[in-house]
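To start, the structure itself, in structure tokens.
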Amino acid sequence: MKLRFHLQDLGHRLPLQDYRLEVGAGVSFYPADSASYQDLYRVADRRLCEAKRRGQGRIVTDGGDDS
């Protein structure tokens, strides 16, 4: 969660007058979600899509958790 706040703060300090920086992420965990890189990537990608669906500033770490 700290990364998200640091990136949002960076957006305030850059000369981006017409833009706002938001961060969304999907996170997978080794080995709880999978032991293979390909499956970890798929899980994280699925969670990223869910974070985008839920709206700005979301970090999804499992099917029901977000920040």
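Bear in mind these aren't lab numbers, they're just calculated from the coordinates by the rules spelled out. Predicted model only: the values in this text are computed from it and were never measured. Note that we place each Cβ from the backbone using ideal geometry, even for glycine, and neighbour counts take in every protein chain shown.
List of remarks:
- Residue exposure sequence - Arg53, Arg46 - by fewest surrounding Cβ within 10 Å: Arg53, Arg46
- With both labels modelled 7 Å from their Cα along Cα-to-Cβ, the Tyr30 to Arg53 distance reads 2.7 nm.
- Ranking of Ser28, Ser34 by count of other Cβ atoms within 10 Å, fewest first: Ser34, Ser28
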